[in-house]
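As structure tokens, the structure follows; a few thoughts come after it.
Throughout, read-outs are computed from the coordinates displayed, never taken from laboratory work. The structure presented is a predicted model; accordingly, all values stated were derived computationally and were not measured. Virtual Cβ from ideal backbone geometry, glycine too; neighbours counted across all protein chains shown.
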């Protein structure tokens with residue numbers, strides 16, 4: 001099991017946002033997190049690489065393991081953790097620098113300055129993000145001049161450049177048009193050969209298309225988790241069925 005979450009509770013001050021969540025994330029699988037707005041999906045996603053640590057007043061109890069090791073242990077190196085567990089956000093957030101420098105950024109932070117190696121990593125990452133052919137002649141151009149869909153794929157390439165083991169995606173297609181969305185979905189199918197992916201999505205069809213397993217959240221609780229085809233065809237819980245069939249959400 002790549003990640004194992006046991007009895008996770010999360011509080012913002014006095015407000016409890018997650019209740020006793022337990023979930024296993026298998027290696028080289030895509031796990032989709034679905035549920036209505038405000039149900040705790042993104043909060044849960046951010047616990048997996050400790051992004052919630054950046055929010056004041058957050059308290060967490062329970063256990064999150066990466067390869068059997070607790071990520072909340074006291075001596076955990078957060079820079080190393082976020083290298084192993086990368087994050088792609090809802091809106092593309094390229095840095096105001098060239099396309100090349102965006103992709104190379106993480107490697108340089110981790111001390112790699114060998115130009116030949118950086119060239120190889122940049123090309124490999126952009127190819128992995130299905131972007132190389134579109135940008136190979138303008139690597140020195142600003143990333144801010146790219147389309148939204150290209151910027152999001154660039155952000156995915158930037159995460160992949162440091163060779164993470166797990167990629168977290170927080171609604172990576174919500175700001176994109178259907179063609180860009182399709183490109184990212186095709187890319188996710190390819191990426192799971194090498195990475196483990198946990199993806200928050202509002203789009204039910206997207207969850208059905210790209211994920212191997214689906215977890216349904218409601219009011220901060222994990223209601224049901226199973227293989228995606230089971231969740232979408234034979235959910236055990238009435239609440240899951242009501243959400244999937246559009247009775248609420």
Worksheet item: What residues of the stretch 44-62 lie in the reach of a label at residue 89, counting those whose backbone N is under 17 Å from a point 7 Å from the Cα along Cα→Cβ?
Response: 44-56
Discussion item. Restricting to Cα pairs below 8 Å that are 6+ residues apart, what does the relative contact order work out to for the stretch 27-105? Please round to a whole percent.
Written reply: 19 percent
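Provide the packing ranking of 79-90, 54-65, 145-156, i.e. peptides ordered by the mean count of other C-beta atoms within 10 Å per residue, highest first.
145-156, 79-90, 54-65
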Worksheet item: Given only helices, namely DSSP H runs of n ≥ 4 each adding -39500 (n - 2.57), what is the per-residue ellipticity at 222 nm of the chain, to the nearest 500 deg cm²/dmol?
Response: -10500 deg cm²/dmol
Item to complete: Identify which of the listed values of P(r) over Cα pairs in 10 Å bins from 0, in percent was calculated from the structure shown: (1) 7, 31, 40, 20, 3, 0; (2) 7, 31, 35, 21, 6, 0; (3) 6, 28, 36, 23, 6, 0.
Response: (2)
Worksheet item: In percent, how large is the relative contact order of the stretch 3-244, given Cα pairs closer than 8 Å and 6 or more residues apart?
Response: 29 percent
Practice prompt. Rounded to the nearest Å, what's the spacing between the alpha carbon centres of the stretch 171-242 and the stretch 128-152? Just the number, please.
Written response: 26 Å
Practice prompt. Please give the length that would be gained between residue 193 and residue 73 if that part of the chain were fully extended, namely 0.36 nm times their separation in residues minus their C-alpha to C-alpha distance (nm, one decimal).
Written response: 40.3 nm
